[in-house]
Amino acid sequence: MHEYVLPFGPQHPALLEPLHIKLKVDGETIVGSDIKLGYNHKGIEKSFENRPWSKGMYLSERVCGICGHFHTSCFSQGIENLLGLEVPERAEYVRVLIGELERIHSHLLALGVVAYEMGLDTLFHYIFRDRELVMDLQELLTGNRVHFVMNVIGGVRQDIKTEHSKRVEENLERIEERCRHYIRLFRSDSLVKSRTKHVGYLSKSKAKELNPVGPNVRASGIDYDVRETGYFAYKYLNFRTLTTEGGDVLERCIIRFRECMESVKLVKECLLKLPKGELKSSVPPVIRIREGLETVSRVEAPRGELIYYLKSAGEKPYRVKIRTPTYQTFHILGEILRGYEIPDVPVIVASIDPCISCADRMTVVDTNTNRERIVTKEEIREGKC
Amino acid sequence: MNLLPEVIKRVFSRPSTRRYPKERVSLPKGFRGRIDWNRETCIFCMNCAINCPTNAITIDRDNKTWAIDIGKCIFCGRCHDVCPTKPKSVYNTQKFELSDYRKEKFRLKF
Amino acid sequence: MLEFLFQALVFPGFLAAFIVGFLYEGIVRKIAAHAHHRIGPPVWQPFMDWVKLMFKENIRPKEGIGFLMTLSPIVSFASLLTVILFIPIAGSVLFSFQGSLFVVIYFLILYSAFFAVAGFATGNPFGYVGGVREITQIVSYEFPFIVSLLTLGFLTGFEIVPFLSLHFPFAFLAFVAGVLGKLCLPPFHIPEAEQEIVSGHLTEYSGPRLAMFELSKAIGFWVLISLGAVYFLGAQSMITFIVNSLVLLALIIIIRTIFARLRISQAFRIYWFVIGPLAVIDLIRVIIGFY
């Protein structure tokens with residue numbers, strides 16, 4: 001058998017978003033890989049610098065379609081830190097409730113994609129049918145299926161009405177029942193197990209060395225979850241981090257189902273404990289922050305830890321740096337693809353739940369002087385970098 | 001093998017797909033569709049045009065016209081939030097069937 | 001002479017194969033869609049796809065061998081259609097003689113082999129992987145498939161006649177597994193795995209060439225289901241033939257919806273070490289006369 005290079009992407013029926021992996025293949029076994037991102041670069045970090053803070057909220061929601069609420073939560077948390085603003089308790093609970101609903105829909109999407117990559121399109125359709133239950137809830141509570149626009153600086157924009165809580169509870173009961181059914185299926189169906197067990201294995205020591213985030217690292221035995229720090233209303237809720245040993249594709253899928261069930265519990269608890277109060281603190285119509293102030297804000301998005309670094313230039317940000325979880329997790333593919341076969345590649349790539357829209361940021365590192373420099377659009381166009 | 005009972009049950013049940021456009025789903029009350037403007041209550045304060053994140057709204061105070069480009073609109077509802085009148089002069093309707101072949105049809109003049 | 005032409009071109013020849021083959025494929029897609037909570041395409045959709053493909057442009061990649069790329073769909077289509085002349089459907093058969101079974105086996109292998117040639121002729125790495133997988137799959141499923149056909153062949157003088165064989169369940173199982181492998185149906189839809197290697201051996205094919213491949217696959221449905229209905233389930237009249245065909249179709253649909261895709265190494269192991277030995281058991285039973 002001779003070695004050859006099989007291109008996986010940028011266009012591929014298995015990929016939802018463009019990315020490029022050059023697989024060095026020997027027969028059907030992968031011996032090496034070369035990963036390139038950048039096809040989805042939109043220049044969002046630069047666009048922030050042209051808008052006032054309140055308009056930046058709408059931009060940050062559109063960094064990603066499936067975790068938009070987490071981006072706005074993180075951004076507004078950063079601005080509230082800079083202003084020294086206190087968010088009312090009811091707003092914190094609403095943020096957590098909507099966030100957990102978005103976590104469920106994001107996990108179900110990732111799991112449906114893994115099922116599709118295995119060739120089982122029946123399971124893909126069943127999981128997506130159950131995901132519609134959450135999408136209906138999101139449309140009912142916020143007015144849209146994605147891009148909810150729930151957060152404003154200082155709190156939330158809309159309230160959770162009590163007349164909706166019955167429908168919310170019904171749908172969530174059904175989702176919990178289905179997640180249990182799917183866990184049983186993944187663990188017992190012999191064909192599904194043969195495609196996912198012992199595939200894409202990431203050991204605990206390698207995980208400590210390579211530092212992925214999110215359910216990928218929690219499936220390898222390391223408990224790292226930003227919700228433990230107790231931001232928003234998590235300090236009042238019964239939250240526990242889920243970890244499991246195993247580190248293969250099967251464990252990553254099972255832990256996502258279990259996190260969905262945990263999110264259902266959290267939403268029910270929020271509905272029970274929702275305190276009366278204001279929805280947002282008052283902010284001036286034009287927000288001015290002292291120049292030069294900077295802050296770092298972290299939340300736990302469905303894919304892992306999301307970090308926003310903000311530096312103010314008065315009415316607009318001077319710099320917004322977004323470190324999305326996929327950006328941090330993506331490079332473990334070089335490690336977990338080696339030694340497996342071509343049919344395992346789409347399953348492994350889907351199991352780390354990549355969101356390329358989130359991950360494409362461009363920073364130039366000058367290796368001579370080890371300084372980082374952000375390139376502007378003009379410099380790229382004139383070929384100066 | 002575990003999928004078999006569910007598959008058999010599903011083959012004989014009604015599919016979950018709605019036969020659009022013959023069947024339509026009823027939208028919830030807060031659904032954010034296309035923006036509408038109420039000429040009677042508007043006081044021409046220009047708040048909606050100033051605050052729109054994409055500058056989709058154009059207002060001509062002298063001729064008392066109000067226009068929105070739904071190609072630029074992101075359906076966020078901020079114009080509705082900042083409108084000072086009661087009842088609001090700018091609001092989301094439930095219209096979502098907005099596609100057209102011509103781009104000029106996206107610039108709606110009221 | 002006229003009867004010969006009618007049988008070759010209309011029933012059970014070309015026209016019946018064309019219409020009923022696409023109809024079978026349409027039914028499979030429709031029922032599978034209902035199993036997925038969906039409505040699915042109308043039953044005549046594969047036919048419409050074929051008509052649309054015939055009007056599209058033929059693109060030849062620079063690294064491809066144009067002669068082979070045009071030849072492979074034609075040979076696949078022709079060799080598969082020839083098989084239908086040897087199968088007695090409701091009493092009408094064109095060629096029936098002792099040993100016709102071997103001719104059938106030969107033409108069936110030719111059909112699959114040219115799929116692999118098609119993959120290699122494109123010069124595309126995906127086509128190469130698809131071609132290699134197709135050859136591996138041929139080598140895997142032909143063993144139990146041929147053994148199951150030979151089992152019945154010993155009893156019928158190697159001629160295809162209606163023969164009820166339900167007291168040889170392993171042979172039937174091996175036959176069905178072989179049909180799934182030959183028609184690239186789940187769980188053995190490995191050479192055309194669209195999630196892994198784009199379209200496998202059919203990447204770079206477009207227009208009329210792809211239409212001929214799709215037609216060959218549809219005719220494959222007709223040929224193999226008819227072979228199963230007559231040879232393994234013993235259909236002699238038209239009604240039993242239709243009933244048997246629908247039974248086989250239902251079996252294919254059920255298996256299609258509940259199984260994920262296997263890796264080629266797993267498929268090889270299952271065919272050689274699980275299904276193959278079971279088929280050999282039935283073969284030995286026939287040879288020593290214990291049935």
Helix-only estimate, please: 222 nm mean residue ellipticity of the protein assembly as shown, summing -39500 (n - 2.57) across DSSP H runs of length 4 or more and dividing by its residues, to the nearest 500. -15500 deg cm²/dmol
Taking a cut-off of 15 Å between Cα atoms, list the aspartates and glutamates near C:K62, but don't count ones fewer than 8 places away on the same chain. C:E204
Kirkwood hydrodynamic radius of chain B, Cα pairs, Å: 16.8
Among A:Y236, A:L250, A:V114, whose Cα sits farthest toward the positive end of the charge dipole of chain A (+1 at Cβ of Lys/Arg, -1 at Cβ of Asp/Glu, about the Cα centre)? A:Y236
For chain C, modelled as a Gaussian network with Cα springs under 10 Å, which listed residue fluctuates most, C:L108, C:L183, C:L71? C:L71
Taking 0.36 nm per residue of separation and subtracting the Cα-Cα distance, what length does fully extending A:D34 through A:T244 add? 72.7 nm
Over region A:3-381, with a single point scatterer placed on each C-alpha, what log10 of the ratio I(q)/I(0) does the Debye formula yield at q = 0.12 1/Å? -0.95
Estimated FRET transfer efficiency when R0 is 51 angstrom, pair B:N38-B:Y101 (beta carbons, to 0.05): 0.95
Given an 8 Å cut-off on Cα distances and at least 6 residues of separation, report the relative contact order of region A:125-199 as a percent. 24
Given the options B:P5, A:H147, B:N92, identify the residue whose Cα lies farthest towards the positive end of the charge dipole of the protein assembly as shown (+1 on Cβ of Lys, Arg; -1 on Cβ of Asp, Glu). B:N92
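For region C:1-67, what is the per residue volume of the convex hull drawn over the alpha-carbon atoms, in cubic angstrom?
Working: hull volume 9.8 nm³, N = 67.
Taking only Cα atoms, region C:1-67 has a hull volume of 147 Å³ per residue.
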In debye to the nearest 20, the charge dipole size for region B:27-109, taken about the Cα centre with +1 at each Lys and Arg Cβ and -1 at each Asp and Glu Cβ, equals 100
For labels at B:M46 and B:D81 in the simple 7 Å Cα→Cβ model, what's the distance in nm? 2.2
Mean projection area, nm², convex hull over Cα of the protein assembly as shown: 40.3
With no solvent term and unit scatterers on the alpha-carbon positions of region A:110-239, Debye gives log₁₀ I(q)/I(0) at q = 0.13, 0.19 Å⁻¹ of -0.84, -1.29
Evaluate the charge dipole of region A:1-124 about its Cα centre and quote only its size in Debye, nearest 20, assuming +1 on the Cβ of each Lys and Arg and -1 on the Cβ of each Asp and Glu. 440
Could you list which residues have their amide H under 5 Å from that of A:L202, counting only those 5 or more apart in sequence or on another chain, with H placed in the peptide plane? A:D248
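Report, as a whole number in µm² per second, the diffusion coefficient that Stokes-Einstein gives for region A:164-289 at 20 °C and 1.002 mPa s using the Kirkwood radius over alpha carbon pairs.
Value of D from the Cα-based Kirkwood radius: 125 µm²/s.
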Say the cut-off is 21 Å between C-alpha atoms; which of A:K268/B:K9; A:K161/A:K265; A:K193/A:K265 go over it? A:K268/B:K9; A:K193/A:K265
Under 19 Å from the C:V10 label point (7 Å along Cα→beta-carbon), backbone N, region C:233-263: C:238-239
In what sequence, highest mean first, do A:288-295, B:100-107 appear when ranked by Cβ atoms within 10 angstrom? A:288-295, B:100-107
Could you list the chymotrypsin sites (Phe, Trp or Tyr not before Pro) in region C:14-60 that lie in coil according to DSSP, counting only those with at most 11 other Cβ atoms within 10 Å of their Cβ? C:F55
Compute, for region A:3-381, the length of the dipole vector about the Cα centre, with Cβ point charges of +1 (Lys, Arg) and -1 (Asp, Glu) only. Units Debye, rounded to 20. 640
If Rh is defined by the Kirkwood formula over all Cα pairs and Rg also comes from Cα, what ratio Rg/Rh do you get for region C:92-239? 1.01
For a quick check of your reading of the filter: which trypsin sites (Lys or Arg not before Pro) in region C:33-104 sit in a DSSP loop and have no more than 10 other Cβ atoms within 10 Å? C:K62
Where in chain C lies the longest segment free of GluC sites (Glu not before Pro) that are both loop residues by DSSP (not H, G, I, E, B) and have at most 14 other Cβ atoms within 10 Å? C:64-291
Convex hull per residue volume in Å³, alpha carbons only, for region C:7-288: 120
Spacing of the two label points (7 Å from each Cα toward its C-beta) at A:D26 and C:Q266, in nm: 2.4
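FYI, it's all coordinate maths here, none of it is from the lab. Quick caveat, the model's predicted, so the values are computed rather than measured. Counting neighbours? That spans all protein chains shown, and the Cβs are built from the backbone with ideal geometry, glycine included.
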